[in-house]
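Undergrad: After the structure tokens below, expect a handful of questions from me.
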Amino acid sequence: MSTRLNEPRTLTRYLDPDSATARLHAQASELIPRGTSRLHYLFAPYPIYASHGAGCRLTDVDGDERIDCLNNMTALIHGHCDADVNAAVIAQLERGMSFSEPSPPEVALASAIIDRVPSIERIHFRSSGTEAVMMAIKLARAFTGRRAIAKFEGAYHGYYDYVQMGVGSTPADWGPSDAPRTVPSSGGISTTVPGEVVVLPFNDPHGVERLLEQHGHEIAALLVEPLSNRSGMVLPASGFYDFLRDVTRRHGIVLVFDEVIAFRVGPDGAQGRYGGLPDLTTFGKIIGGGIPIGAVGGRAEILEMLDASAKGGKVISGGTYSGNPLSASAGIATLAKLTPEAFARLEHLGDRLRSGVNAIFARAGVRARATGDASLFQIVPTDRPIENYRSVPTDAASNDWLARFHRELIASGVIVSQRGLGCLSTPMDETTIEECLGAFERACARMRD
Ligand SMILES: Cc1ncc(COP(=O)(O)O)c(C=O)c1O
């Protein structure tokens, strides 16, 4: 039996020791470390397991339905089982799932992205955002003949070794604010990697300028996550991305915008909204309509590093599933529905949600806020201004508050990530936002119980 959200029952069946979730998790824990390969979704005591989704709602294996404000980590901008996306995928399935040969959907998706984003002259598809970032770095190294990279503190770019630096630093190890230490955020990374990564302070032009004066001649690529959720989705200070464009050009550094998430902020992505005109852009998530994908696009002369027949072409890439027709078909159908009107509607709903949540927090006396832009939002456990990664509290009390609030939101019928990341999808409307706000209200009340 499925439980609708408009009966505000507490959705905690998954926590019963004999629930389908508990049994599945116990079985999974014998087979898969921590009971899932989706380690980025884990929360205590165990995650909910998805049974099925429809529109903006997801039903867990115990039959409880919630509003899905996470949408496979922001990938599903049209929610679950969108009729047009499904039809495109089924039509392609009937022609074949994947081929050794290139096929028309790859070309059509390339054309759809190049038409939207003025900085993209050529594009190369991969199977994940992580691979796209890896290729962007290799292309930049081959193009510049340099080995190091620079990235901002707190920015997440997937799990290629060189970008797993300075992602989860804490006051105990992060070093000076204008020269953050290069702290590995994972085990298993070679000890030579930190020596090839410079971590930069976000929204600090003087700090960036100084570090690039010092290290610029060694740096192949500077990566930017335009709306970093680990940094509380802080917006760039006015002109910051144009400053990055200018300073990287002066130092001969390839500027890379990682729009794996941020591409969903508007028709031509984050660069259209915040400026910056990058040399390369990495994509993932929405451009595959929910099926694995990644892409790196940008200036033709850099992408030509992939063409061994061209002068200077020297980057070798593979990938059994790169450019595959299923993801490309889902991506084409997804982008076709993302009109300027669709983005404007999502932005309006996003503004309603953020202001509604902030009003609820203020009434409840909760020192937290909803940040973000367009269809993206983030619950941050602070009421202080957010300038960069270091403004987002990492102390035990704040972490505990967020973990508990996340659990109470799940119980109240709304799914966000355990870090407070959320996003909207096009099947949502004003009523959905009201339902979400009702859930936030109930979660706040339960925090007081
Ligand atoms: C900004 C950014 N870059 C790269 C990635 C990695 O993408 P994927 O999970 O598809 O490997 C992510 C994933 O969330 C991301 O948010």
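Undergrad: Can you give the local net charge around residue 329? Use residues other than it whose beta-carbon is closer than 12 angstrom to its beta-carbon, Lys and Arg +1, Asp and Glu -1.
TA: Numbers: positive: 95; negative: 84, 94, 106.
Taking every Cβ under 12 Å from that of residue 329, the sum is -2.
Undergrad: Using the reciprocal of the averaged 1/r over all distinct C-alpha pairs, how large is the Kirkwood radius of region 237-294 in Å? List each step's numbers first, then the result.
TA: Working: mean 1/r = 0.0831 Å⁻¹.
This gives a value of 12.0 Å.
Undergrad: So what's the back-of-envelope 222 nm ellipticity for the chain, counting only DSSP H runs of four-plus at -39500 (n - 2.57) apiece and dividing by all residues, rounded to 500? Before the final figure, lay out the partial values.
TA: Numbers: 13 runs with 164 residues, N = 449.
Rounded to the nearest 500, it is -11500 deg cm²/dmol.
Undergrad: Taking the Cα centre of region 247-370 as origin, sum charge times position over the Cβ atoms of Lys and Arg (+1) and Asp and Glu (-1), and report the length of that vector in debye to the nearest 20.
TA: Values: 15 positive and 10 negative charges, 120 e Å.
The calculated dipole for region 247-370 is roughly 580 debye.
Undergrad: Which of 123, 433, 32 ends up with the largest GNM mean-square fluctuation for the chain, with Cα atoms connected below 10 Å?
TA: Result: 32 has the largest fluctuation of those listed.
Undergrad: May I have the count of lysine pairs in the chain with C-alpha atoms under 29 Å apart, counting pairs 8 or more residues apart or located on different chains?
TA: Lysine pair count for the chain: 8.
Undergrad: Same structure, new question: With +1 on the Cβ of every Lys and Arg and -1 on the Cβ of every Asp and Glu, and nothing else charged, how large is the dipole of region 300-419 about its Cα centre, in debye rounded to the nearest 20?
TA: Values: 14 positive and 12 negative charges, 80 e Å.
In total the dipole reaches around 380 debye.
Undergrad: For the chain, set up a GNM with springs between Cα atoms under 10 Å and report which of 175, 55, 438 has the largest fluctuation.
TA: The residue with the greatest mean-square fluctuation here is 175.
Undergrad: Hey, what do the phi angles of region 232-237 turn into as Karplus ³J(HN,Hα) couplings, whole Hz, using 6.51/-1.76/1.60 and θ = phi - 60°, x for Gly and Pro?
TA: Ordered by residue, 3J(HN,Hα) equals x, 6, 5, 7, x, 4 Hz.
Undergrad: Charges on Cβ only, +1 for Lys and Arg, -1 for Asp and Glu, centred on the Cα centroid of region 126-264; of 172, 261, 207, which one is farthest towards the dipole's positive end?
TA: Ranked along the dipole, the leading option is 261.
Undergrad: Below 8 Å between Cα atoms, with a sequence gap of 6+, how large is the relative contact order for region 83-336 in percent? Before the final figure, lay out each step's value.
TA: Numbers: 526 pairs, mean separation 77.1, N = 254.
Relative contact order of region 83-336: 30 percent.
Undergrad: Right, something else. What do you get for the angle between helix 325-336 and the principal long axis of the chain? Use alpha-carbon atoms, 0 to 90 degrees, nearest ten.
TA: Tilt of helix 325-336: around 80 degrees.
Undergrad: Work out the charge dipole of the chain with +1 on the Cβ of Lys and Arg and -1 on the Cβ of Asp and Glu about the Cα centre, then indicate which of 89, 159, 133 is farthest towards its positive end.
TA: Value: 159.
Undergrad: With +1 on each Lys and Arg Cβ and -1 on each Asp and Glu Cβ, how big is the dipole of the chain about its Cα centre, in debye rounded to the nearest 20? It would help to have the intermediate numbers written out before the result.
TA: Details: 44 positive and 51 negative charges, 102 e Å.
That gives the chain a dipole magnitude of about 480 debye.
Undergrad: Roughly how compact is region 83-336, stated as its Cα Rg over 2.2 N^0.38 Å to two decimals? Write out the running numbers ahead of the final one.
TA: Numbers: Rg = 18.0 Å, N = 254, 2.2 N^0.38 = 18.0 Å.
Here the Cα radius of gyration is 1.00 times the empirical estimate.
Undergrad: Translational D (Stokes-Einstein, µm²/s) of the chain at 10 °C and 1.306 mPa s when Rh comes from the Kirkwood sum over C-alpha pairs?
TA: Answer from the Stokes-Einstein relation: 70 µm²/s.
Undergrad: Report, by chain and number, residues whose modeled amide H sits under 5 Å from the one on residue 200, excluding near sequence neighbours (fewer than 5 apart, same chain).
TA: It is 151, 152, 153, by chain and number.
Undergrad: Shape of region 296-449 from its Cα gyration tensor (a ≥ b ≥ c, root eigenvalues): rounded if a/c is under 1.5, otherwise prolate when a/b > b/c, or oblate? All intermediate terms of the calculation are to be shown ahead of the outcome.
TA: On the way: a/c = 2.67, a/b = 1.89, b/c = 1.41.
Prolate, since a/c reaches 1.5 and a/b exceeds b/c.
Undergrad: Does anyone have the angle between helix 340-364 and the longest principal axis of the chain? Alpha-carbon axes, 0 to 90°, nearest 10?
TA: Approximately 60 degrees, to the nearest 10.
Undergrad: Could you give me the ³J(HN,Hα) list for region 95-109, computed from phi with Karplus coefficients 6.51, -1.76, 1.60 and θ = phi - 60°, whole Hz, x at Gly and Pro?
TA: In residue order, the calculated couplings are 8, x, 6, 7, 9, 5, 7, x, 9, x, x, 4, 5, 5, 5 Hz.
Undergrad: Still on this structure, please answer the following. Would you mind telling me which residue in 435, 213, 30 has the biggest mean-square fluctuation in a Gaussian network model of the chain, where springs connect alpha carbons within a distance under 10 angstrom?
TA: Sorting by GNM fluctuation, first place goes to 30.
Undergrad: Identify, among 74, 111, 124, the residue whose Cα sits farthest towards the positive end of the charge dipole of region 60-215, taking +1 on the Cβ of Lys and Arg and -1 on the Cβ of Asp and Glu, with the dipole about the Cα centre.
TA: Most positive-ward Cα: 124.
Undergrad: Follow-up question, since we're still on this one. For the chain, calculate the relative contact order in percent as a whole number, restricting contacts to Cα pairs under 8 Å that are 6 or more residues apart.
TA: Numbers: 900 pairs, mean separation 93.5, N = 449.
The value is 21 percent.
Undergrad: Over region 279-392, what is the mean sequence separation of C-alpha contacts under 8 Å (at least six apart), divided by residue count, expressed as relative contact order in percent? The partial results should precede the final answer.
TA: Numbers: 131 pairs, mean separation 19.6, N = 114.
Rounded, it is 17 percent for region 279-392.
Undergrad: Report the accessible area of residue 90, computed with a 1.4 Å probe over the heavy atoms of all protein chains in place, in Å² rounded to the nearest 10.
TA: Probe radius 1.4 Å; accessible area of residue 90 about 90 Å².
Undergrad: For region 354-449, what does the accessible surface come to per residue with a 1.4 Å probe? Please give it in Å². Can you show the working numbers first?
TA: Details: 3700 Å² over 96 residues.
With the other protein chains kept in place, region 354-449 gives 39 Å² per residue.
Undergrad: Roughly what angle does helix 430-448 make with the longest principal axis of the chain, taking Cα atoms, 0 to 90 degrees, to the nearest 10?
TA: Roughly 70 degrees between the two axes.
The values are calculated or read from the model by the stated rules, or taken from the named source; none is laboratory data. In this text, all values refer to a predicted model and were calculated from it rather than measured experimentally. Cβ sites come from the backbone with ideal geometry, for glycine too, and all protein chains shown count toward neighbours. Accessible surface is based on the protein model in full, side chains and every heavy atom, while ligands, DNA and RNA are left aside. Shrake-Rupley method; radii C 1.70, N 1.55, O 1.52, S 1.80 Å.
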